[in-house]
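Working notes for the structure below.
The values are calculated or read from the model by the stated rules, or taken from the named source; none is laboratory data. Just so it is clear, the structure is predicted and the values come from calculations on it, not from any experiment. Cβ: placed from backbone, ideal geometry, glycine included. Neighbour counts: every protein chain shown.
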Amino acid sequence: MIFVCVGSQLPFDRLTQAVEMWAETCGRSDDIFYQIGDGTPPARGAWVRQLAPDEFEKRCRDAEFVVSHAGMGILSVVSSIRRKIIVFPRRLSEPGEIRNDHQMHTAHRWVEKRTATVAISIEELYEYLNNPEQIIIPCMESPEENELIDAVRSFIHTGILPPPKKRMFDGIVCFGGTNYIDSNREHCCIRLVEELSRYVPTLYINPTWAYTSAKEFRKRKTCNFWRKNDKFSVLNILPLPKVLEQRIHAWQVRRAVRKTGIRNPLLWIACPQAMKYINRMKFDSFVYFLSDRIELLPCDIIYQNDRLAKAQADVTLFCNSLLFERESSECRNALCIDSETVSETWRNKAHRVLEMLAECDIRPYVP
């Protein structure tokens, strides 16, 4: 059973109707229980307007997973009983949903901290509904908040603040935006990660969408993982049915990471499509590499992933100055690596990337 809840204050028909349409398509209309508040009742499926706290918690415990608005109360309950949840925030731009945009701000914060599974758009909601193994159990505890509390406690007792925590990476796992095997090795992302491989091992992952011919597909199939040298390796992940691709691709990537000897990777994403793997990767630091105006691409989910990547990445790198001027304000930390600046070598550009990471207390571990 899937439990859908919208809280007690305002109706949220956009959520209930989206789930109802998905359930009809999948034949699961009778397997969903709705708490709809003052909203419109679903055509099929059990529903109730309000639930007492004890009954609400019981519904959460009995559910396969919960689908909810971005309310702190529901997230607190679900976190305490260790149940999975998809958070679908209300929007101020949608009439009658909410009085301000605090749920969107809260949801983006949860995405940034990776504390809950958040669907910003209906397309993302359907993606998680179709792939429930991607849904995580929310964690209300923040490691950064705990570190702050420990630091304040230490200062009260000793009068000395502890040094800031430094994050070390011993390799780079790069989800590339272009095909390394056959062409385009002069692409700015490839040139940059190749230079960085002088310092730490690097795994470059070819994107699944970059196939251009049946011959290329056969070539990749027979050359799944190969080493260019001791520090630079390339992985091909093959196209698979949607129901299998994320789980198997993530397994392929983890196996390749072990082959390279990387234990604590710096995650490097150069195509927004790779954001779907982020919850299946173990990493402490994250770089987003941007070479194109994503909003010009004809796909809303790519644009949404681009926005999430900018909000979540420790550093966002731009490969041209116009893009940097236009979008750097959306990022936590931004750096322009202008690929058209011929006076600066790629080695110097790699040094500037390392310096920017160091400013964020992220450093390569070189034994």
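The combined condition, being under 25 Å from the mean Cα position of the chain (by Cα), modelled with pLDDT of 50 or more and not in a strand (DSSP E or B), is not fulfilled by V234. Of the listed requirements (1) modelled with pLDDT under 85; (2) hydrophobic (A, V, I, L, M, F, W, C); (3) closer than 21 Å to I172 by Cβ, A334 misses just one: (1). Testing F289 on (1) at pLDDT 85 or above; (2) surrounded by fewer than 17 Cβ atoms within 10 Å (Cβ to Cβ), one condition comes back false. Which one is that? In the conditions (1) at pLDDT 85 or above; (2) surrounded by fewer than 17 Cβ atoms within 10 Å (Cβ to Cβ), F289 misses (2) alone. A search for C-beta distances below 6 Å between a residue of the range 43-54 that is among the hydrophobic types (A, V, I, L, M, F, W, C) and any residue that is surrounded by 11 or more Cβ atoms within 10 Å (Cβ to Cβ) and not in a strand (DSSP E or B), counting only pairs 6+ apart in sequence or on different chains, returns W47/I36; W47/P41. Within the range 107-154, being over 30 Å from L244 (Cβ atoms) and at pLDDT 85 or above holds for no residue.
If you go through the range 76-118 and pick out every residue that is under 19 Å from F33 (Cβ atoms) and in contact with a Phe, Trp or Tyr (Cβ under 8 Å, 6 or more places away or on another chain), you end up with 6. When the range 261-284 is examined, which residues are found to be modelled with pLDDT of 90 or more and out of contact with any Gly (no Cβ under 8 Å at 6 or more places or on another chain)? Result: L267, W268, I269.
Restricting the search to the range 250-294, which residues are under 18 Å from the mean Cα position of the chain (by Cα), aliphatic (A, V, I, L, M) and outside any loop (DSSP other than H, G, I, E, B)? The answer is A250, V253, L266, L267, I269, A274, M275, I278, V287, L290, I294.
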